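K.L.:
Next up is a structure, given as structure tokens.
The values are calculated or read from the model by the stated rules, or taken from the named source; none is laboratory data. Keep in mind it's a predicted model, so treat the numbers as computed, not measured. All Cβ positions, even for glycine, are placed from backbone atoms using ideal geometry, and neighbour counts span all protein chains on display. Accessible surface areas use protein heavy atoms only, side chains included; no ligands, DNA or RNA. Shrake-Rupley method; radii C 1.70, N 1.55, O 1.52, S 1.80 Å.
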Amino acid sequence: MRAPPVAGGARGSPCWAGRTSSTGQTSGIEPRQADGGFIPAAEVTADLALRVFDTNVFGPIRMLHAFLPLLQRSAAPAVVNVGSGASLMRELSNPESPAHFYPDITYPASKAAVSMLTVQYAKAYPGIRINAVDPGFTATDLNFHAGHQTIEQGAEIIVRMAQIGPDGPSGGFFDARGVIPW
């Protein structure tokens, strides 16, 4: 097993004179075998899960705390957490859903935790628009470029949600088509 590919690390939006209007946390990591195959469930260890959660869950927590002072000074603060449709239990458990056949253990669990963080932080910080987005199955290093859409197409919803105004939604989950029910 090789180290999990990284589709990007936690990254904030540009800051101007000690101010920022939005932060975003990129996709994270998904453990894979050297040939791109998934790690079999029997081989998923607590150490592997900890590495995935450290990036995918604790990374957004670190980002929020690092940028919170700047966000609180912004006129239209927004946080965009990059989630995944693979985090939806109703899809993973539904034999009719394409997500049902997704075999990884840690990635969807970590993205489900990001969903919970999004809801809870949105309630804790009502002055900041905090949402999660599903960029869709985008061709990146994370999935060995197996996705069916470009990075630009996947980024569209991230950028759109980063630009919402102070009256925009908070605590929701969105994709390019709109609201995704939790």
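K.L.:
At 7 Å along the Cα-to-beta-carbon direction for both V159 and L48, put a label point, then send me their distance in nm to one decimal.
P.N.:
Placing both labels 7 Å beyond Cα along the Cβ direction yields 3.6 nm.
K.L.:
Sticking with this one: Going toward the positive end of the dipole of the range 81-146, with +1 on Lys and Arg Cβ and -1 on Asp and Glu Cβ, which of N94, Y121, G83 do you reach last?
P.N.:
Y121
K.L.:
To the nearest 0.05, how large is the calculated FRET efficiency for Q33 and A75 if R₀ is 45 Å and r is the Cβ-Cβ distance?
P.N.:
About 0.45, to the nearest 0.05.
K.L.:
With every protein chain in place, what's the accessible area of D47 (1.4 Å probe, Å², nearest 10)?
P.N.:
Estimated to the nearest 10 Å², D47 gives 110 Å².
K.L.:
Can you give the charge dipole size of the range 26-182 about its Cα centre, rounded to the nearest 20 debye, using +1 on the beta carbon of Lys and Arg and -1 on the beta carbon of Asp and Glu?
P.N.:
620
K.L.:
Compare the peptides 117-123, 56-62 by average per-residue count of other Cβ atoms within 10 angstrom and give them in order, highest first.
P.N.:
Per-residue Cβ counts within 10 Å, averaged per peptide and sorted highest first, yield 56-62, 117-123.
K.L.:
Compute the distance in nm between two label points, each set 7 Å from the Cα along the Cα-to-Cβ direction, one at F58 and one at K123.
P.N.:
About 2.5 nm, to one decimal.
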